[in-house]
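Take a look at the structure below.
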Amino acid sequence: MKRSLLKTRAGRVLHTLLRSLVARLVLLIVVFAAVPVVLYEQFREADESRQAILVGAIRDKGLLIGRAIAPTLSRADGIPFARLSEELAQFTQGSANVRLLFRPADANDPLGFFYVAAAPAISSDDLAIERQRLIDVGILGRLAESCEGEVPLTLRIDLPDGRTEFLTSITPVKTVSGCWGLVSSNTLGELGDQALGLPYWQFPEVRIAGAIYLALAVIVLIVFFDLWHSLIRFGRAARRIGTNQGGRFAEWNSIPELDIVAKQFDRMVDTLRESAISIRRAAEENAHAFKTPLGIIRQSLEPLRRRISPDDTRAQRALGAINLALDKLDALIATSRRLDRATADALDPPRERIDLSKITRDVLAEYVHGIPAGGPRLRIEIADGLHTLGSADLIETVIENILDNAVSFSPAGGTIRVSARRDERTVRLVFEDEGPGVPPDRLPRIFDRYYSVRPQAQAALNGAAHGAPNFGIGLWIVRRNVESMGGRVRAENRDEGGLRMTVELPAA
């Protein structure tokens, strides 16, 4: 049974999450964040494979050029520097470029390589940049140590004139004069792949695709947030209308597609308010209509009561039964009127800023005079400056009904404590009595309609004190009134005995 209940609750929570706009927004953000990451990794791996093939082909080409020119480097000691460029030119074709580095054998600086020839020709500034780049990555240092063995490279160098060189290999040759190094490279522009050697995220097409995707994500999120904001505006409008602060849904709506919904909501609110007015009017008219014949019946009984002999017990018993029935009818009429007014207040609760401190003190001051002799005493602790939004009539009914309940259960000479204070954004009214409390299994039901369990003595005391039998609607009306004002009420047994009623209302 418990597992079935847990599964049902889990299903409801999951259904709520799936239907929630917030959950959908979070899911949308996760998708927008995850999709580019997944696609980027897939495309990056594919591009790395493509670049590896292309770089391998270019590097192999550079190594072949280095091997072909190695015999020329072995006799470079006998070739004047001026003719070296001519010797190198015969090994270049297409996008291939070669540079010749030389470090004299007696050089003190192990990194003392300098360019002596290039084919095709290149400016000294570009050569200086290329040399410094080789020093930075440690290539010249490795070359100076042994001056032997081919060194494959994948080194990208961006030159000031906008060209991009891709160094593919260095072929060293050691001679008597020193160490020669042939640097092979290719011009990327001529290869048709300017992005070769760059991180994948720096590719122009990746950046363009990322910008388009980001713009699309921003547009979708803006549309979503605008719809969400419109729903929030609807919620604010509902709160304002519910608190009688004016305004209509149609005035708060900014999305044309929601105009029909806004107008339907306005029509529904108007219908509820008209229904509340009709219910209040009918409650007053019905109470007046019933009170008139009851008053006539009571007046008509007076001559009969005087004419009947006190010894006629049967007639006296009949008169007593009629009086009890009239009293019950009076109570039923009053109860029906209170129920109708509570229903109307639930449909269209009046909302205005009220001074809860003053209203509570005034009600308690009048209520003290109605407590029968020997009844409980009131201890009052009301803070100043407590305000809430609601109706003075509603809060007066709440206080009176809770006090009626506390008095009816309090022992003779007992104490009823009434306190009021503000707690952050809440105004809290607390009523504590010294009665028997409520059995724990019945505590959740005391605010139900027509629910009342009272000992006979307490029921008789309640009827004597307040002139009406109990129908079990007092605390139900308390809950309806409190909830219509945006608050809540709860009951709990006190550890030291008695019942504690707590009314929490939003502070104004």
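The values are calculated or read from the model by the stated rules, or taken from the named source; none is laboratory data. Predicted model only: the values in this text are computed from it and were never measured. Heads up, the Cβs are rebuilt from the backbone with ideal geometry, glycines too, and the neighbour counts pull from every protein chain shown.
Taking residue 304 as the residue in question, decide whether it is under 51 Å from the mean Cα position of the chain (by Cα), part of a helix (DSSP H, G or I) and not assigned by TED's automatic domain parsing to the domain that holds residue 472. No; evaluated as a whole, the condition is false for this residue.
Of the residues making up the stretch 469-479, those that are in a helix (DSSP H, G or I) and either in contact with an Asp or Glu (Cβ under 7 Å, 6 or more places away or on another chain) or of a type in the set (A, V, I, L, M, F, W, C) (or both) are 474, 475, 476, 477, 478.
Scanning the stretch 413-445 for residues that are over 18 Å from residue 380 (Cα atoms) and hydrophobic (A, V, I, L, M, F, W, C) yields 438, 443. Do the conditions hold for residue 322, that is, is it part of a helix (DSSP H, G or I), at pLDDT 75 or above and touching a Phe, Trp or Tyr at 6+ places or on another chain (Cβ under 7 Å)? No: the conditions fail for residue 322. Residues in the stretch 325-341: is at least one farther than 22 Å from residue 483 by Cα, surrounded by fewer than 16 Cβ atoms within 10 Å (Cβ to Cβ) and basic (Lys, Arg)? Looking for residues that are farther than 22 Å from residue 483 by Cα, surrounded by fewer than 16 Cβ atoms within 10 Å (Cβ to Cβ) and basic (Lys, Arg), one finds at least one in the stretch 325-341, hence yes. Only a single criterion out of (1) at pLDDT 70 or above; (2) under 30 Å from residue 226 (Cα atoms) is not satisfied by residue 50, namely (2). Number of residues in the stretch 488-508 that are more than 10 Å from residue 390 (Cα to Cα) and either of a type in the set (Val, Ile, Thr) or assigned to a loop (DSSP other than H, G, I, E, B) (or both): the value is 8.
Answer with yes or no whether residue 431 is modelled with pLDDT of 90 or more and not charged (D, E, K, R).
Working: modelled with pLDDT of 90 or more: yes; not charged (D, E, K, R): yes.
Taking the combined requirement at face value, the residue satisfies it.
Quick one: is residue 274 surrounded by 12 or more Cβ atoms within 10 Å (Cβ to Cβ), modelled with pLDDT under 85, of a type in the set (Asp, Glu) and out of contact with any strand residue (DSSP E or B) (no Cβ under 7 Å at 6 or more places or on another chain)?
Details: surrounded by 12 or more Cβ atoms within 10 Å (Cβ to Cβ): yes; modelled with pLDDT under 85: yes; of a type in the set (Asp, Glu): yes; out of contact with any strand residue (DSSP E or B) (no Cβ under 7 Å at 6 or more places or on another chain): yes.
Yes, satisfied.
A Cβ distance below 7 Å, combined with a sequence gap of six or more or placement on separate chains, defines the contacts here; from the stretch 265-279, residues that are touching a residue at least 24 places away in the same chain (Cβ under 8 Å) reach residues that are of a type in the set (Val, Ile, Thr) and surrounded by 17 or more Cβ atoms within 10 Å (Cβ to Cβ) in the pairs 269/241.
Checked across the stretch 448-457, the condition of being at pLDDT 75 or above, surrounded by fewer than 20 Cβ atoms within 10 Å (Cβ to Cβ) and farther than 16 Å from residue 340 by Cα holds for at least one residue.
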